[in-house]
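Rule-based calculations on the coordinates, nothing more; no lab input. The model shown is predicted, which means the values in this text are computed figures rather than measured ones. Backbone-built Cβ (ideal geometry, glycine too); neighbour counts: all protein chains shown.
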Amino acid sequence: MSTQDEAAMAVDTEPEKRPHIDGTIKKRKPLRPSTSRADIYVTRDRRKFNSFMRRARKLLVERNYPSITIHGLGAAIPTAIKLATALKASVGEQVTMETTTHTVTLYDDIVLQDESADISTQARQNSAVQIKMALDPAVRSKIFARKR
């Protein structure tokens, strides 16, 4: 296959870009399934990392939760992974981790500059990660035997 053929195939397989919109796009918040206290939704805000870490450690070690789940969406995925690895290191590698990735559909409202036009919506895809962490059973029994 020649270089020209490869270039032509690359042009044909490029994804279509969204059309230009005369208006503004307002991003809706992502829909969350029902949550429990053991769910931690991470943002990309670096200032909140220590509070995420304290909460995760408190739930897993002090409050006797069997497992916690760390959620990260889009740009917060690296922060979620960093939190999980930092928590694992702080507990002394005594944690099991189960990572799941998936794609989430997010919806945006398109508000056109023309006042008479209706508001329309558009869907877009975004990556997400869930990291389920649990203390090893032997370690859990030792920690909570000392507390009694």
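Taking packing as the residue-averaged number of other Cβ atoms within 10 angstrom, the listed peptides 83-95, 28-40, 44-56 run from highest to lowest as 83-95, 44-56, 28-40. Amide H to amide H distances under 5 Å link Gly23 with Gln113, where only residues 5 or more positions off or on other chains count and H is placed in the peptide plane.
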